[in-house]
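Heads up: the structure comes next, in structure tokens.
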Number of protein chains: 2
Amino acid sequence: MSTIEMIEAAAERLNGHIRKTPILSSPFLDKLASRRVLVKPECLQHTGSFKFRGAWSAISALKEAERQRGVIAYSSGNHAQGVAMAASKHGISSVIVMPSDAPQLKIENTRALGAEVVLYDRANEKREEIGEAIAAERGLTLIRPYDEPLVIAGQGTTGLEIAGQAADLGITQADVLVCCGGGGLTSGIALALEKHAPNLRARPCEPEGFDDVKRSLASGRIEKNNAASGNICDAILTPQPGDITFPILNRLCGPGLSVTEEEALRAMALAFLRLKIVLEPGGAVALASALFRGDQIEGDDVIVVASGGNVDPAVFSRALEFLT
Amino acid sequence: MSTIEMIEAAAERLNGHIRKTPILSSPFLDKLASRRVLVKPECLQHTGSFKFRGAWSAISALKEAERQRGVIAYSSGNHAQGVAMAASKHGISSVIVMPSDAPQLKIENTRALGAEVVLYDRANEKREEIGEAIAAERGLTLIRPYDEPLVIAGQGTTGLEIAGQAADLGITQADVLVCCGGGGLTSGIALALEKHAPNLRARPCEPEGFDDVKRSLASGRIEKNNAASGNICDAILTPQPGDITFPILNRLCGPGLSVTEEEALRAMALAFLRLKIVLEPGGAVALASALFRGDQIEGDDVIVVASGGNVDPAVFSRALEFLT
């Protein structure tokens, strides 16, 4: 179980170690969306995504002896970088299990952030088996990407900040759109808002065709995606909502939203032009929902969590072509 | 004269109306620079540059009757947008005199921010004559881009924030690199640091070939640039330091730094990759100086003011090519 008390405790552990990201806006986006659009750019967080929050929360909560043995994670993306940097800043070792065909830059970055990268052959090996063998041998603690209460608590600190920032802006009622993969960020934010801003409503945003959370919320039970890959929003393609995250999402969140790949790219281009921030496709689906699904949103204001900005230059340039 | 009291008064008028921009960093940039690099992204300020601070400072200080008659500015760039938005948020009218060959997007943006745009023919008309005629006819107040004490005071609030943020990070001694055109931002920051962080030293950064401030600081008197245009860093190409800004710069600033166009573009690419922010070439010269002129910088930490992000997609894509 993740609870508001766990989020508040995580906020204390994260204090001074994470960035409190600001709230950005632009009159041009407001006009496009026909309401005020307030963007929380977690792309500006350490390692370029909110994932550092959850990683820090989990690692900082370990007992000292356990922590000193080190941690392990499976990820080729934002969670990998978050865990590597959080471990390094704690002065402990981390092992990240990555597919050998992951982009060279991501492998190099994860190493440069202090992790030992263990590569596996995606076709012939299972990362869980490799990871469990290493973890058992060295006594490492596994940091799961989302279905882990301490990780959810860390991501939930984003929601505490939103509650405070919305109050400062005089906003007491609004939809809070969140880019959603396994649901760690969305469920954490929903728990924080439940207590600290009960009329702000978290709503998961996903790519069309990978809208497992939206469909699960509609049916009231966990639904799966048909495909595991094949969408530009790689950071948020997960097979299904988590066993821990889904009950929270189901209890607290408003209906899900979904956008096309082109809409995610257009939102990246508008974030470049109007907010001067770099978003990756998966980190732009909430902004895309605010801009292109306004008919499904309620209220004069909408809050958007822009969750990450780790994008290849070529993909970014492709997004910028929508501006010409 | 601009004084610290004027900056502190401007900070009170700006409170609640500007964004307090955060401090960003990346271990990758630290490694490249061989010291800790702390970046203050004024590209995230309203209208995409620090110029909004000075515009708000000047307009908010006008007497009510004077303000109600409206303001006027000459600019095709960041100052235009800053004045237009600050005027609009004060509920007053603004006239921006722009060359008729300015990029259509900039003209449209300035209009969309609420200004009346008056176009002039750069070859056959003088903007000052046109502006003065309109100002006299309507009783408008001219907001100068940098050689104006109230504007310098507004830009100086950036320095107050830097002093506080550096203290929070435990930094008492460092070079503060500032992208420098006419010197409004640099002189304002220097005045703020003089009182609030006397061992932080402001240093102007410019494009090679347009390093009038650097040469003026070296000679102790105002030096001019040979050319008026012909560099990608358009936002900071000014003919010479201002009559009001230069004495401040000369008294308080460390030696100037200059970088090539390619170095500015490379810094933009690294800001994209490592900080997830969008910089324009003129807004990236301070970061470029931190990364590529490290031998001319003192101390374990360097603070960089990234002053703006209003860049055409094509130029940005050109910068990203340095990553491939």
Exactly one of A:Thr47, A:Thr3 is out of contact with any Lys or Arg (no Cβ under 8 Å at 6 or more places or on another chain) and modelled with pLDDT under 95, and that one is A:Thr3
So, B:Leu142, is that one hydrophobic (A, V, I, L, M, F, W, C), within 29 Å of B:Glu64 (Cα to Cα) and within 14 Å of another protein chain (Cβ to nearest Cβ) or not? no
Select the helices (runs of 4 or more DSSP H) contained entirely in segment B:238-324, then report the ones holding at least 3 residues which are under 20 Å from the mean Cα position of the chain (by Cα). B:245-252, B:261-270, B:281-292
Residues being touching a Gly at 6+ places or on another chain (Cβ under 7 Å) and within 14 Å of chain A (Cβ to nearest Cβ): count how many of those fall in segment B:86-105. 2
So B:Ile297 passes all but one of these: (1) surrounded by fewer than 24 Cβ atoms within 10 Å (Cβ to Cβ); (2) within 14 Å of chain A (Cβ to nearest Cβ); (3) touching an Asp or Glu at 6+ places or on another chain (Cβ under 8 Å). Which condition number does it fail? (2)
Any chance A:Ala123 is outside any helix (DSSP H, G or I) and at pLDDT below 95: yes
Output the number of the condition that B:Glu280 fails; it satisfies all remaining conditions of (1) crowded, with 24+ Cβ neighbours inside 10 Å; (2) more than 14 Å from chain A (Cβ to nearest Cβ). (2)
Residue pairs qualifying under the 6 Å Cβ cut-off, at least six apart or on distinct chains, with the first in segment B:307-324 being outside the structural domain of B:Ala80 (by TED's automatic domain parsing) and closer than 17 Å to B:Cys43 by Cβ and the second being in a helix (DSSP H, G or I) and of a type in the set (Asp, Glu), are B:Ser307/B:Glu42
Is it the case that B:Phe292 is crowded, with 24+ Cβ neighbours inside 10 Å and aromatic (Phe, Trp, Tyr)? no
Matching helices (runs of 4 or more DSSP H) fully within segment A:49-108 where at least 2 residues are under 16 Å from A:Leu185 (Cα atoms): A:51-61, A:78-89
If you go through segment B:28-47 one residue at a time, how many are closer than 17 Å to A:Cys43 by Cα and out of contact with any strand residue (DSSP E or B) (no Cβ under 9 Å at 6 or more places or on another chain)? 1
Search segment A:1-21 for residues being assigned to a helix (DSSP H, G or I) and not charged (D, E, K, R), and hand back the single one that is nearest to A:Gly82 (Cα to Cα). A:Leu14
If we keep just the residues of segment B:76-108 that are surrounded by 23 or more Cβ atoms within 10 Å (Cβ to Cβ) and closer than 15 Å to B:Tyr146 by Cα, which is modelled with the lowest pLDDT? B:Gly77
Considering only residues of segment A:311-324 that are of a type outside the set (A, V, I, L, M, F, W, C), facing chain B (nearest Cβ under 8 Å) and crowded, with 16+ Cβ neighbours inside 10 Å, which is nearest to B:Gln104 (Cα to Cα)? A:Ser317
Looking at segment A:1-55, which of the residues that are acidic (Asp, Glu) and more than 19 Å from A:Val305 (Cα to Cα) is farthest from the other protein chains (Cβ to nearest Cβ)? A:Glu5
Can you find even one residue in segment B:139-156 that is surrounded by 14 or more Cβ atoms within 10 Å (Cβ to Cβ), part of a helix (DSSP H, G or I) and in contact with a strand residue (DSSP E or B) (Cβ under 6 Å, 6 or more places away or on another chain)? no
Pull up segment A:157-170, narrow it to residues that are part of a helix (DSSP H, G or I), touching a residue at least 40 places away in the same chain (Cβ under 8 Å) and in contact with a strand residue (DSSP E or B) (Cβ under 8 Å, 6 or more places away or on another chain), then point me to the one that is surrounded by the most Cβ atoms within 10 Å (Cβ to Cβ). A:Gly159
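The values are calculated or read from the model by the stated rules, or taken from the named source; none is laboratory data. Keep in mind the model is a prediction, meaning the values are calculated, not measured. Every residue, glycine among them, receives a Cβ derived from its backbone with ideal geometry; neighbour counts consider all protein chains shown.
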